[in-house]
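The values are calculated or read from the model by the stated rules, or taken from the named source; none is laboratory data. Everything quoted here is computed from the prediction, not taken from an experiment. Glycine also receives a Cβ, built like all others from the backbone with ideal geometry; neighbour counts cover every protein chain displayed. Quick note on the areas: whole protein, heavy atoms, side chains included, nothing else; ligands and nucleic acids left out. Shrake-Rupley method; radii C 1.70, N 1.55, O 1.52, S 1.80 Å.
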Amino acid sequence: MASTNANIWGLQDPSLIKDQSYIDGKWVSAKEGGTILVTNPATDEELGTVPEMGLEDAKSAIAAAGKAFASWGKTTARHRHDILMKFYSLMQEHNDDLARIITLENGKTLTEAKGENAYSASFMEWYAEEAVRTYGEQIPSPFTNIRNVVIKQPVGVVAIFTPWNFPSAMITRKLGAALAAGCTAVIKPPPETPFSALALAELSRRAGVPDGVINIVTTQKNVIEVGREMCESKTVRKVSFTGSTPVAKGLYGMAASTLKKVSIEAGGNAPFIVFDDADIDQAVEGAIACKFRGSGQTCVCANRIYVQSSVYADFASKLAEKVTAFKVGNGLDATTTHGPLIHEKAISKVTRHVEDAVSRGAQVLVGGKRVDGVGAFFTPTVLSEVPAGALFNVEETFGPVAALTKFETEEEVIALANDADVGLAGYFFSRDVGRVWRVAEALEVGMVGTNTGLISHATIPFGGVKESGIGREGSHGIEEYLNQKLIAFGGI
Ligand code: SIN
């Protein structure tokens, strides 16, 4: 039987904590009765358990979503707008509680968690406003007796897979679009942070989302069979995923069996370039925001920081000074600036990257190792003289390590930046308008930040090129959940 440690949460509205999954409007345990243990990465304390759902549970969730689509898909856009706006208001009303849940299960600071909840809610508002603007088209026909009209219709049931680094926002970025378009959803949240997903399900119920429109399947050990069912079931018409590139490839392959629509936001390994004409203080601020957001655990975090040789020493010392002042700790503590990593596996990966770079000649300016004791903490780190062959250049680190590499020319750094299989975000700092255009156009990424380290917002087309993904979220992302249909009117 699933359970939660009620004393730990400390919420104003304790009924937001659910220890069961949500299928067809009901809170349910796993058919086979298993559970998943969820712990706080800052304290190792047990937060509670949620159901370990299996294949039969996934089938029930998909069937419920299929049944609900018959009516939800026919509601008016205005009706869906109103429900999404109610959902948005409820997320704001419960901001403190939702943020606390994020901090307790993910580890990020309460300030960051509040920021995530605001970001997450903003997708509901954005897509509510998009719902009522999913216009069709009338296309002039080459024949006098034909009129061509294009309408847009929801794709159907959507399978949504989300990561632990944004326990709430990566759900609403997909779910908001799906609901606005008239789709129904089966969501598989990550086993590390399921409570935020379940709290959102509770708020959806309060907002008036009908039974079966949103279904949550929590799973860990059974993830392969549950994931396969969500990708291969003929009832599901679209798969939307945020997570690592290797997992994305697996799901994409499964979804290919029924030629489903897919949206994928996968790994990043973002380049961050500081040119010698940059405002160095601004570049340092940008690097802090971009590299250390979520303790370095975002897909758009800078992973490779390239600094032009004449400003290298200045940038490195200013960055090191700022990073030394960080205070790592429990995200509930008001003095903490940076929380833990998600788990020991994450610590091992970051350690491997640091050790690899050091073995190749990199110098540790700040940090460089895990914090001993309770919780998955890694000291915020700045490495200097990281050579081109280091692991930082090959795979995403997903941790609080700024890896600095010196470069000489614009041409050289563009080649270094583009020497990656992935291309999600890229950043650079320069005050030369010609260079700004040249470099922005040359970077092989889906999103460029020039003179800023923060780009994320509901209004932007979020997504990548190369092995970073397919499709865009936010902005006009509702289109990914709609099919166009031509209706040719003849005999006129
Ligand atoms: C991600 O890490 O996948 C998303 C980051 C963001 O939305 O800014």
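Note on segment 226-274 and segment 287-328: Cα centroid distance 30 Å, given to the nearest whole angstrom. Among the trypsin sites (Lys or Arg not before Pro) in segment 182-232, those located in a DSSP loop and surrounded by at most 13 other Cβ atoms within 10 Å of their own Cβ are 221. Each of residue 411 and residue 37 was given a label point 7 Å from its Cα along the Cα-to-Cβ line. The distance between the two points is 5.9 nm. Label point of residue 437 set 7 angstrom out along Cα-Cβ; within segment 264-283, no amide nitrogen lies under 18 Å from it. Accessible surface calculations at 1.4 Å, restricted to protein heavy atoms, place the chain at 39 Å² per residue. Diagonalising the gyration tensor over the Cα atoms of the chain and scaling each eigenvalue by 5 before taking the square root yields semi-axes of 38, 30, 19 Å, largest first. For the chain, the carbon plus sulfur part of the accessible surface works out to 54%, probe radius 1.4 Å. Calculated FRET efficiency, residue 358 and residue 324, Cβ-Cβ r, R0 22 Å, to nearest 0.05? Plugging the Cβ-Cβ distance into 1/(1 + (r/R0)^6) gives 0.75.
Largest to smallest in accessible area, the residues 32, 125, 344 fall in the order 32, 344, 125 (1.4 Å probe, all protein chains included). Taking a straight line from the alpha carbon of residue 59, these aspartates and glutamates sit under 13 Å away, with near neighbours fewer than eight places off in the same chain left out: 24, 225, 229, 232.
What are the chymotrypsin sites (Phe, Trp or Tyr not before Pro) within segment 58-154 that DSSP puts in a loop, where the Cβ has at most 14 other Cβ atoms within 10 Å?
Counting only loop positions with at most 14 other Cβ atoms within 10 Å, the chymotrypsin sites (Phe, Trp or Tyr not before Pro) in segment 58-154 are 135, 143.
Between helix 169-181 and the chain there is an angle of about 30 degrees, using the helix long axis and the longest principal axis of the Cα atoms. Which residues in segment 412-430 place their backbone N less than 18 Å from a point set 7 Å from the Cα of residue 452 along the Cα-to-Cβ direction? Under 18 Å, as judged by backbone N against the label point of residue 452, lie 424-430 of segment 412-430.
The angle between the Cα long axis of helix 344-359 and the main principal axis of the chain comes to about 40°, on a 0 to 90 degree scale.
A straight Cα-to-Cα reach below 16 Å connects residue 466 with the lysines 249, residues fewer than 8 places away in its own chain not being considered. Annotation: aspartates and glutamates with alpha-carbon distance below 16 angstrom to residue 18 (same-chain offsets under eight excluded): 46, 52, 97, 105, 192, 202. What angle, in degrees between 0 and 90 and rounded to the nearest 10, separates the Cα long axis of helix 110-131 from the longest principal axis of the Cα atoms of the chain? That helix lies at roughly 40 degrees to the long axis.
Note on the chain: helix-only mean residue ellipticity at 222 nm, from DSSP H runs of 4+ residues weighted -39500 (n - 2.57) and normalised by residue number, equals -12000 deg cm²/dmol. If one computes the Cα centroid of segment 171-193 and of segment 356-415, what distance in Å separates the two points? After rounding, the separation between the Cα centres reads 34 Å. The relative contact order of segment 271-457 comes to 29 percent, based on Cα pairs under 8 Å that sit 6 or more residues apart. Our estimate of slack between residue 486 and residue 258, defined as 0.36 nm per intervening residue step minus the Cα-Cα distance, is 79.8 nm.
In plain terms, if you count all Cα to Cα distances in segment 295-354 and split them into 10 Å steps from zero, the share in each step is 17, 40, 35, 8, 0 percent. Relative contact order for the chain: 18 percent, from Cα pairs under 8 Å spaced at least 6 residues apart, divided by residue count.
Full extension of the chain between residue 459 and residue 475 gives 5.3 nm of extra length, using 0.36 nm per residue less the Cα-Cα distance.
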